[in-house]
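Presented below is the structure to which this report refers.
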Amino acid sequence: MEIERFRWWHIADVLPLEEEAFGAEKWSAAMFWNELAQRNFYVVAREGEELLGYAGLAVTDEHESWVQTIAVWRAARKRGVGRRLLETLLERAGDRKVLLEVAVDNHAAQRLYASYDFEPVGIRRGYYQPSNTDALVMMRDA
């Protein structure tokens with residue numbers, strides 16, 4: 001598995017994965033363009049030419065960063081792809097505390113984050129739209 005920087009030409013490749021992973025709450029191409037324009041750190045995971053997943057991190061200041069997203073194709077799950085993507089983001093975050101939002105019903109992702117010392121710190125009611133699903137805010141101290 002190779003991890004490489006997410007570039008503008010990856011946007012078309014990740015949109016179908018975004019649909020599979022997030023359905024009606026998927027990001028648009030314009031949202032990815034915006035993330036890249038803000039110079040947020042995004043990576044893709046590949047095996048050869050096959051896209052396995054992608055992830056993004058926003059470094060907000062010298063003390064804090066936010067995991068923006070992690071997505072892995074269903075067919076590529078349980079192979080350590082999400083773990084490798086998260087480790088890459090945490091490496092980039094360095095000594096900053098790292099926060100993220102995860103759907104309250106996404107227990108698999110919550111277990112992954114907990115295994116990297118993320119702890120629940122709050123709830124954002126109705127965060128995910130249009131489903132109105134709550135988000136659990138998790139944090140990992142530097």
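Throughout, read-outs are computed from the coordinates displayed, never taken from laboratory work. Since the model is a prediction, treat every value here as computed from it, not as a measurement. Positions of Cβ are generated from backbone atoms using ideal geometry, with glycine treated the same way; all protein chains shown enter the neighbour counts.
Being closer than 24 Å to residue 136 by Cβ and among the acidic types (Asp, Glu) is a description that does not apply to residue 47. The set of residues in the stretch 90-115 being part of a helix (DSSP H, G or I) and touching a Phe, Trp or Tyr at 6+ places or on another chain (Cβ under 7 Å) consists of 90, 92. Residues that are surrounded by 13 or more Cβ atoms within 10 Å (Cβ to Cβ) and of a type in the set (D, E, K, R) were ranked within the stretch 106-141; the one that is farthest from residue 24 (Cα to Cα) is 140.
For the stretch 50-78, the set of residues classified as charged (D, E, K, R) and touching a residue at least 40 places away in the same chain (Cβ under 8 Å) consists of 74 only. State whether the residues of the stretch 4-20 include one that is surrounded by fewer than 15 Cβ atoms within 10 Å (Cβ to Cβ), in contact with a helix residue (DSSP H, G or I) (Cβ under 8 Å, 6 or more places away or on another chain) and charged (D, E, K, R). Yes, because at least one residue in the stretch 4-20 is surrounded by fewer than 15 Cβ atoms within 10 Å (Cβ to Cβ), in contact with a helix residue (DSSP H, G or I) (Cβ under 8 Å, 6 or more places away or on another chain) and charged (D, E, K, R). A residue that is in contact with a helix residue (DSSP H, G or I) (Cβ under 6 Å, 6 or more places away or on another chain), of a type in the set (Val, Ile, Thr) and buried (at least 17 other Cβ atoms within 10 Å of the Cβ) occurs nowhere in the stretch 92-99. Note on the stretch 25-52: among residues that are among the small types (Gly, Ala, Ser) and closer than 26 Å to residue 129 by Cβ, the one that is surrounded by the most Cβ atoms within 10 Å (Cβ to Cβ) is 29.
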